[in-house]
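Below is one structure, written out as structure tokens; comments come after it.
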Amino acid sequence: MRCAVIERRTKETDIRLELGLDTQGQAPAHDAQGQVEVDTGIPFLNHMLSHVAMHGAFNLAVRARGDTEVDDHHTVEDIGICLGQALREALGDKRGIVRYAHQILPMDEALVLMSLDISGRGLLVYEVSFAQPTVGLFHTELIREFLQALAANGGICLHVRLLTGSNTHHIAEAVFKALGRCLGEAVRIDPCRADVVPSTKGAIE
């Protein structure tokens with residue numbers, strides 16, 4: 001079982017994140033209320049991370065507390081850091097993984113293109129604009145910060161582009177659903193190459 005537990009404590013945040021990549025065909029773990037176990041203190045982020053877990057078929061548990069009385073930035077970024085670190089740790093030497101994935105994902109009128117490579121080299125190319133700066137109390141500019149932290153700490157080359165869309169919530173949801181789908185495919189073990197590191201260099205670092 002490929003899994004990791006990351007704990008991060010700073011003066012700004014206190015986070016514990018548990019990630020399991022192998023659900024063996026089962027749905028991700030849920031709590032007694034039937035929800036993916038995500039409690040970040042930021043309701044909209046809880047909703048988005050639940051999409052990542054569900055569509056990536058991951059077991060994900062997050063408990064986070066941050067200085068949200070200042071704003072949500074530190075908490076959102078640090079959860080991205082923790083998720084990236086958990087992915088990197090759970091994947092080990094990345095032997096057998098598919099490595100690449102892409103998705104063109106619709107959410108009503110919104111259409112998002114995402115492509116990623118678990119290359120060991122963190123990079124985010126992000127071309128997404130929102131009609132509104134917030135969804136409820138959540139600032140949409142923080143989505144970029146989350147993805148940047150995830151890519152940098154997970155060693156992921158990540159491209160995200162909005163093809164069309166006008167509803168801010170739909171655009172954000174399409175981004176996170178596409179992220180789940182892409183990560184789920186990229187970390188999947190290729191049964192034909194289960195003992196091969198997918199790189200001509202023999203290593204992904």
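The values are calculated or read from the model by the stated rules, or taken from the named source; none is laboratory data. The structure displayed is predicted, hence computed values, not measured ones. Heads up, the Cβs are rebuilt from the backbone with ideal geometry, glycines too, and the neighbour counts pull from every protein chain shown.
One residue stands out among those in segment 182-205 that are closer than 13 Å to Ile118 by Cβ and acidic (Asp, Glu): the one that is modelled with the lowest pLDDT, which is Glu205. Given the criteria crowded, with 17+ Cβ neighbours inside 10 Å, modelled with pLDDT of 95 or more and in contact with a helix residue (DSSP H, G or I) (Cβ under 6 Å, 6 or more places away or on another chain), does Leu111 qualify? Spelling it out, it is not the case that Leu111 is crowded, with 17+ Cβ neighbours inside 10 Å, modelled with pLDDT of 95 or more and in contact with a helix residue (DSSP H, G or I) (Cβ under 6 Å, 6 or more places away or on another chain).
When segment 68-91 is examined, which residues are found to be modelled with pLDDT of 95 or more and of a type outside the set (A, V, I, L, M, F, W, C)?
Of segment 68-91, the ones modelled with pLDDT of 95 or more are 72-91.
Of everything in segment 68-91, those that are modelled with pLDDT of 95 or more and of a type outside the set (A, V, I, L, M, F, W, C) turn out to be Asp72, His73, His74, Thr75, Glu77, Asp78, Gly80, Gly84, Gln85, Arg88, Glu89.
Output the residue which, of all residues in segment 163-205 that are among the hydroxyl-bearing types (Ser, Thr, Tyr) and in contact with a strand residue (DSSP E or B) (Cβ under 8 Å, 6 or more places away or on another chain), is nearest to Gly20 (Cα to Cα). Within segment 163-205, the match that is nearest to Gly20 (Cα to Cα) is Thr168. Filtering segment 111-158 to residues that are farther than 18 Å from Leu49 by Cα and polar (S, T, N, Q) leaves Ser115, Ser119, Ser129, Gln132.
Residues of segment 166-205 that are in contact with a Leu (Cβ under 7 Å, 6 or more places away or on another chain) and outside any helix (DSSP H, G or I): Val187 alone.
Among the residues making up segment 129-146, those that are under 16 Å from the mean Cα position of the chain (by Cα) and either part of a loop (DSSP other than H, G, I, E, B) or under 23 Å from Glu89 (Cβ atoms) (or both) are Thr140, Glu145, Phe146. Within the span defined as segment 150-168, every residue fails to be closer than 16 Å to Gly122 by Cα and without any contact (Cβ under 8 Å) to a residue 40 or more places away in the chain.
Given the criterion more than 17 Å from Leu21 (Cβ to Cβ) and without any contact (Cβ under 8 Å) to a residue 12 or more places away in the chain, identify the matching residue among Glu109, Glu141. Outline the logic, then answer.
Values: Glu109 fails: without any contact (Cβ under 8 Å) to a residue 12 or more places away in the chain.
Result: Glu141 is the single residue among Glu109, Glu141 that is more than 17 Å from Leu21 (Cβ to Cβ) and without any contact (Cβ under 8 Å) to a residue 12 or more places away in the chain.
Of all residues in segment 170-195, none that is farther than 22 Å from Ala149 by Cα has its Cβ atom under 9 Å from the Cβ atom of a residue that is in a helix (DSSP H, G or I) and basic (Lys, Arg), 6 or more apart or on another chain. Only a single item in (1) farther than 12 Å from Ile171 by Cα; (2) at pLDDT below 95 is not met by Ala131, and it is number (1). Annotation: of all residues in segment 143-160 being out of contact with any strand residue (DSSP E or B) (no Cβ under 7 Å at 6 or more places or on another chain) and surrounded by fewer than 22 Cβ atoms within 10 Å (Cβ to Cβ), the one that is farthest from Glu77 (Cα to Cα) is Gly155. Looking only at segment 47-87, residues that are more than 12 Å from the chain's Cα centre (by Cα) and assigned to a helix (DSSP H, G or I) come to 5 in all.
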